[in-house]
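Only one structure is covered here, and it is reproduced in the block below.
Where a number appears in this text, it was derived from the coordinates with a stated rule and is not lab data. Keep in mind the model is a prediction, meaning the values are calculated, not measured. A quick note on method: Cβ atoms are made from the backbone with ideal geometry, for glycine too, and the neighbour counts reach across all protein chains shown.
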Amino acid sequence: MTASPPCHTKIVREGTPVYVQGKCAAGHNVFWTNQEVVRQQPILKLKICAAILFSRCNPHMSSRILVSIGIPVVTPPTFFTIQQDHLWPAINKFWTANQQQLLDKAQGSPVKLAGDGRADSPGFSAKNGTYSLLDVERNKILHFEVMQSNEAEGSCRMELEGLKRSLMFLEDHGVAVELIVTDRHAQIKCLLRKEKQSIRHEFDVWHVAKGTSEDRGCHEMIVAKWQSLLNPIRGVHTHDSNLFPSCVHAPLPRRGGPLGSPEVARTRDVWEQEVEINVEAALE
């Protein structure tokens, strides 16, 4: 039995890729790598960068962790280059295609939206902000805007500017808005009341409850409002209470349901639960 001719191999490591080149005495060359190459980029390098971005990890910290246990990984500068050249374009292409499908479905009938803004820091010193609109019937983000404070005359106006741009975008794409639910932002209330009268504006229950719980010293009023909860749902806007004799909201576009309707029945089940109301404890 004759042994094969000796082979000479050369191993080269460049971050995540490993290249092996072999040459035997007979002159045959063999080349092997541990991963494919896509657009001159090793596929594992792209996957690691995508995993860091999509999991919202810090690239600097991720690099230190992997290097400390001997795993070859991309450096932060390489991560940001791949993010700019490959990942952001791929994300934008995917989002644009999916958003267009949502817009096509939304053009058939007026949509009901929930909107809210978010900034990179609380208070009046935020630099960047986003505003998102959720289609509540499909539970999908229909549109979002990204802006800087210098585009909106200050950080406190970024939420208003984001809503303006979002509504303009939907109008340009033929999407009619029937209802929008927001927090109790004063500028947004003014905008919708004066410039968007065709859109019904409602407040998010969580923000209303939070604002009510912060109104110290009005415990009796809170109880009176709670006890009158079933009345406006049934279309009755006057109450048997000296503290809260009638509703303070604007006229509603539709009448309430009868006492035996499913909506009123479900609300009544919650309302009539035998729960001891301890206002002092609830407001602490």
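What 222 nm value per residue comes from the helices of the chain, counting each DSSP H run with n ≥ 4 as -39,500 (n - 2.57) and dividing by all residues, nearest 500 deg cm²/dmol?
Result for the chain: -11000 deg cm²/dmol, rounded to the nearest 500.
For M61 and C190 in one chain, what is 0.36 nm times their gap in residues minus the Cα-Cα distance, to one decimal in nm?
Numbers: separation 129, 0.36 × 129 = 46.44 nm, distance 4.46 nm.
Once the chain is fully extended between M61 and C190, it gains 42.0 nm.
Specify the inter-centroid distance of region 62-125 and region 127-189, based on alpha-carbon positions, in whole Å.
Taking the Cα centre of each part, region 62-125 and region 127-189 sit 18 Å apart.
Taking every pair of Cα atoms in region 1-134, average 1/r, invert it to obtain the Kirkwood radius, and report Rg/Rh to two decimals. Don't skip to the answer; put the middle values down first.
Values: Rg = 23.8 Å, Rh = 19.6 Å.
Using only Cα positions, Rg/Rh for region 1-134 is 1.21.
With +1 on each Lys and Arg Cβ and -1 on each Asp and Glu Cβ, and nothing else charged, work out how big the dipole of the chain is about its Cα centre, in Debye to the nearest 20.
Values: 32 positive and 31 negative charges, 257 e Å.
Rounded to the nearest 20 debye, it is 1240 debye.
If each residue of separation counts as 0.36 nm, what is the full-extension length gain between I141 and V18 once their alpha-carbon separation is subtracted?
Working: separation 123, 0.36 × 123 = 44.28 nm, distance 4.16 nm.
Between I141 and V18, full extension yields an extra 40.1 nm.
Check cross-link reach from K45 to the lysines: straight Cα distance under 30 Å, and skip same-chain residues fewer than eight apart.
Within the straight-line cut-off, K45 pairs with K10, K23, K93.
What share of Cα pairs, in percent, lie more than 15 angstrom apart in region 1-72? Walk me through the numbers on the way to the answer.
Values: 1702 of 2556 pairs.
Roughly 67 percent, rounded to a whole number.
Which residue, G27, G154, G115, tops the fluctuation ranking in a GNM of the chain built on C-alpha contacts under 10 Å?
Sorting by GNM fluctuation, first place goes to G27.
GNM on the chain, C-alpha springs below 10 Å: top fluctuator among S228, S198, S68?
Highest fluctuation among the options: S68.
To the nearest 0.05, how large is the calculated FRET efficiency for K10 and S68 if R₀ is 30 Å and r is the Cβ-Cβ distance?
Working: r = 28 Å, r/R0 = 0.94.
Working from the Cβ atoms, E equals 0.60.
Residues with amide H under 5 Å of C24's amide H, sequence separation 5 or more or different chain, H placed in the peptide plane at 1.01 Å from N; which?
H8
I43 versus F203, label points 7 Å from Cα toward the beta carbon: distance in nm?
Result for the modelled spin labels: 5.5 nm.
Say a site is exposed when it is one of the trypsin sites (Lys or Arg not before Pro), sits in a DSSP loop, and has at most 11 other Cβ atoms within 10 Å; what is then the longest site-free stretch of the chain? Walk me through the numbers before you get to the answer.
Numbers: sites that count: R39, R56, R216, R254, R255.
With trypsin sites (Lys or Arg not before Pro) excluded where exposed in loops, the chain gives 57-215 as its longest stretch.
Expressed in whole Å with the largest first, what are the equivalent ellipsoid semi-axes of the chain derived from the C-alpha gyration tensor as the square root of 5 times each eigenvalue? All intermediate terms of the calculation are to be shown ahead of the outcome.
Working: eigenvalues 706, 103, 82 Å².
The three semi-axes for the chain are 59, 23, 20 Å.
Within region 90-182, list the chymotrypsin sites (Phe, Trp or Tyr not before Pro) lying in a DSSP loop whose Cβ has at most 12 other Cβ atoms in a 10 Å radius.
Values: sites: F94, W95, F124, Y131, F144, F169; in loops: F124.
Counting only loop positions with at most 12 other Cβ atoms within 10 Å, the chymotrypsin sites (Phe, Trp or Tyr not before Pro) in region 90-182 are F124.
Working out 0.36 nm times the residue gap between Q35 and W95, then minus their Cα-Cα distance, what length gain in nm do you get to one decimal?
Working: separation 60, 0.36 × 60 = 21.60 nm, distance 2.79 nm.
Answer, rounded to one decimal: 18.8 nm.
Tell me which residues come under 5 Å, amide H to amide H, from D204 once H is placed; ignore anything under 5 positions away on its chain.
HN-HN under 5 Å from D204: T182, D183.
How big is the shadow of the Cα convex hull of region 37-94, averaged over all directions, in nm²? Could you put the intermediate results ahead of the total?
Working: hull surface 15.9 nm².
Averaging across all directions leaves 4.0 nm² for the Cα convex hull.
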